[in-house]
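First comes the structure, then the notes that go with it.
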Amino acid sequence: MQIYNFFGIFVADMTKKTLITVFFTALTLSICGQSDWKSQTIGILDSLCADPLFETSQLGLAVWDLTDDSLIYAVGYRQRLRPASCQKVITAVTALKSLGAEHRYSPYVREAGWGWCWDDKITNPDVDGEPLLNDTAVWTLNDVLQPMLKESDNLMAESVFLQLAGKSGRSGAGRKEAVAEVERLMADLALNPKDYLIADGSGLSLYDYVTVELLVRVLRYAWQWDNIRIPFIEALPIAGIDGTLEKRMIRTSAHGNVRAKTGTVEGVSSLAGYCRTSEGHFLCYAIINQGIVRARTGRDFQDSICVALTRK
């Protein structure tokens with residue numbers, strides 16, 4: 001499948017509320033003379049972000065136009081929030097930059113991460129310095145990215161994090177050395193590493209704190225380099241098709257168009273990835289809902305944003 005093969009299908013809604021909001025907001029803005037896609041989109045996103053949900057929870061939302069290379073919408077852009085498994089976006093892009101897609105190793109995890117929360121999907125929580133596959137299995141980083149991103153395999157993400165640590169060449173290298181690699185990427189993005197807290201590679205930790213600004217800047221960086229963009233996007237779940245997005249956004253304009261990493265831990269739901277607009281522009285975006293009682297609430301909001309961005 002070609003990496004630019006994004007497409008939209010707009011047949012039925014994901015929820016009636018979603019399409020009613022998107023359709024009537026777009027219709028109203030068109031009648032009022034705001035006929036260009038960007039103006040309409042800003043109006044629709046404003047409407048969605050006015051939901052009473054945000055009287056009792058926090059929102060980080062950023063949308064970046066990769067075609068025009070400009071930020072087109074942001075809420076809570078620099079507010080520190082827990083990324084949940086969207087932390088894997090940062091880990092994956094850092095690894096592709098520092099190690100390369102053909103880097104080979106036997107995936108393993110020595111210990112549980114700092115401040116881990118076990119609400120997210122765990123493949124095998126009892127691993128202690130053992131290969132995740134078998135003693136002779138050697139995978140490329142490109143191979144590992146598939147389960148790590150599409151299925152949100154946390155132990156695979158931590159194995160990649162440890163590979164980043166190993167790049168230092170120090171005996172017993174661990175979290176400190178892995179974080180140093182992530183901070184080098186932040187520096188390349190002209191961001192201050194002191195503004196963030198990176199506790200692990202998977203997003204399970206209660207101590208991970210990032211911003212949607214960091215996430216969209218990482219996604220933008222990945223888009224700019226073929227050796228990162230191609231393996232990264234190919235490993236992301238596709239809305240309505242596979243991975244953790246298989247059952248989301250079905251029969252909407254986002255179906256088959258959105259490619260994004262999901263995230264869920266107690267009180268947090270997140271989504272970060274790419275899509276293509278009806279105008280042919282490519283976008284990257286990051287959404288973090290924090291302080292929510294039910295993860296479904298955050299997922300529905302995120303799906304509404306994706307439908308708005310990909311609407312016909």
Does region 55-64 contain at least one residue that is within 13 Å of ILE305 (Cα to Cα), of a type in the set (Ser, Thr, Tyr), crowded, with 17+ Cβ neighbours inside 10 Å and at pLDDT 50 or above?
no
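A quick yes/no check of all residues on (1) in contact with a helix residue (DSSP H, G or I) (Cβ under 7 Å, 6 or more places away or on another chain); (2) under 21 Å from SER269 (Cβ atoms):
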position: GLN163; (1), (2): yes, no
position: VAL179; (1), (2): no, no
position: ASP195; (1), (2): no, no
position: GLY203; (1), (2): yes, yes
position: GLU213; (1), (2): no, yes
Considering residues that are in a loop (DSSP other than H, G, I, E, B) and closer than 20 Å to LEU61 by Cα, the number found within region 168-189 is 1
Look at ASP226 and say whether it is of a type in the set (D, E, K, R) and surrounded by 24 or more Cβ atoms within 10 Å (Cβ to Cβ).
no
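Would you mind finding the one in LEU27, LEU45 that is within 24 Å of GLY280 (Cβ to Cβ) and modelled with pLDDT of 50 or more? Working first, answer last.
On the way: LEU27 fails: modelled with pLDDT of 50 or more.
Criteria check complete, one pass: LEU45.
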In region 291-312, which residues are over 25 Å from TYR221 (Cα atoms) and of a type outside the set (Ser, Thr, Tyr)?
GLY291, ILE292, VAL293, ARG294, ALA295, ARG296, GLY298, ARG299, ASP300, PHE301, ARG311, LYS312
Filter region 65-96 for residues that are touching a strand residue (DSSP E or B) at 6+ places or on another chain (Cβ under 6 Å), farther than 12 Å from LEU214 by Cβ and of a type in the set (Ser, Thr, Tyr); which is surrounded by the most Cβ atoms within 10 Å (Cβ to Cβ)?
SER85
Among the candidates LEU162, LEU185, LEU81, which residue alone is farther than 23 Å from PRO237 by Cα, modelled with pLDDT of 95 or more and among the aliphatic types (A, V, I, L, M)?
LEU185
If you go through VAL63, VAL93, the only one that is assigned to a helix (DSSP H, G or I) and either of a type in the set (Phe, Trp, Tyr) or in contact (Cβ under 8 Å) with a residue 24 or more places away in the chain (or both) is VAL93
Can you tell me how many residues within region 228-263 are over 11 Å from the mean Cα position of the chain (by Cα) and part of a strand (DSSP E or B)?
1
Check whether at least one residue in region 32-54 is more than 20 Å from ASN289 (Cα to Cα), of a type in the set (D, E, K, R) and either touching a His at 6+ places or on another chain (Cβ under 8 Å) or surrounded by 18 or more Cβ atoms within 10 Å (Cβ to Cβ) (or both), and report yes or no.
no
Would you tally the residues in region 242-263 being free of Cβ contacts under 8 Å to residues at least 60 places away in the same chain and surrounded by fewer than 18 Cβ atoms within 10 Å (Cβ to Cβ)?
2
For region 190-211, enumerate the residues that are more than 14 Å from the chain's Cα centre (by Cα) and either assigned to a helix (DSSP H, G or I) or of a type in the set (Gly, Ala, Ser) (or both).
ALA190, PRO193, LYS194, ASP195, ALA199, SER205
Is it the case, given these coordinates, that ALA199 is surrounded by 18 or more Cβ atoms within 10 Å (Cβ to Cβ) and in contact with a strand residue (DSSP E or B) (Cβ under 6 Å, 6 or more places away or on another chain)?
yes
Has region 100-120 got any residue that is modelled with pLDDT under 95 and within 16 Å of the chain's Cα centre (by Cα)?
yes
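The values are calculated or read from the model by the stated rules, or taken from the named source; none is laboratory data. Just so you know, these numbers come straight off a predicted model, no measurement behind them. Note that we place each Cβ from the backbone using ideal geometry, even for glycine, and neighbour counts take in every protein chain shown.
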